[in-house]
Amino acid sequence: MATPDGKNARLFYRAGLQRLDDARFLNEAARTTAAVYLGGYSVECMIKALILSRVPEAQQGQAMALFRGARAHDFGWLMGQYTERGGQAMPRELSQDYARVNTWRADMRYSPKVVKDYESAAFVASVVRIVKWADGRL
């Protein structure tokens with residue numbers, strides 16, 4: 001795994017990898033809702049790392065300001081920000097994975113619903129593949 005240039009990109013990158021480790025651990029411990037929640041945050045952090053890796057140092061403050069509010073948790077909007085800055089779109093072979101993780105919402109933290117084991121396992125597996133793709137772009 002490559003470590004991105006730039007302090008802010010590295011911050012989100014490291015957080016994304018940590019949230020992925022947390023999601024895997026929680027999934028194995030049958031804490032499925034928390035696994036999905038943190039898996040989604042892993043993807044969010046990795047996309048933000050991708051965006052920041054494409055932003056010159058002098059514009060980092062402006063880019064970081066974009067990460068406020070509800071849209072900062074919207075994977076579609078975040079991917080749009082990445083591709084607008086010249087980043088590659090996610091490949092077709094990840095379209096099913098992207099569709100699965102795109103069901104994630106930041107307000108899951110308030111839900112008492114328990115995610116089924118097989119749904120959590122599939123979600124975390126999709127997160128792993130997306131994180132691997134993102135890592136290859138940094």
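Look at region 1-20: where a residue is without any contact (Cβ under 8 Å) to a residue 60 or more places away in the chain and among the charged types (D, E, K, R) and a partner is part of a helix (DSSP H, G or I) and crowded, with 16+ Cβ neighbours inside 10 Å, sitting 6+ places away or on another chain with Cβ atoms under 8 Å, you get ASP5/SER53; ARG10/ALA49; ARG19/LEU38; ARG19/GLY39; ARG19/TYR41; ARG19/SER42; ARG19/CYS45. Answer yes or no as to whether VAL101 is over 20 Å from ALA9 (Cα atoms), modelled with pLDDT of 95 or more and in contact with a Gly (Cβ under 8 Å, 6 or more places away or on another chain). Yes; evaluated as a whole, the condition is true for this residue.
Only one of the listed residues (GLN96, GLN88, GLN81, GLN60) is surrounded by fewer than 18 Cβ atoms within 10 Å (Cβ to Cβ) and in contact with a helix residue (DSSP H, G or I) (Cβ under 7 Å, 6 or more places away or on another chain). That residue is GLN60. The requirement of being touching a residue at least 12 places away in the same chain (Cβ under 8 Å), on the phi < 0 side of the Ramachandran plot, part of a loop (DSSP other than H, G, I, E, B) and buried (at least 17 other Cβ atoms within 10 Å of the Cβ) is satisfied by PHE67.
In this structure, MET46 does satisfy being touching an Asp or Glu at 6+ places or on another chain (Cβ under 9 Å), closer than 17 Å to TRP133 by Cα and in contact (Cβ under 8 Å) with a residue 24 or more places away in the chain. If you go through region 1-53 and keep only what is in a helix (DSSP H, G or I) and among the charged types (D, E, K, R), you end up with LYS7, ARG10, ARG14, ARG19, ASP21, ASP22, ARG24, GLU28, GLU44, LYS48.
The values are calculated or read from the model by the stated rules, or taken from the named source; none is laboratory data. Keep in mind that this is a model prediction, so the values were computed, not measured. Glycine also receives a Cβ, built like all others from the backbone with ideal geometry; neighbour counts cover every protein chain displayed.
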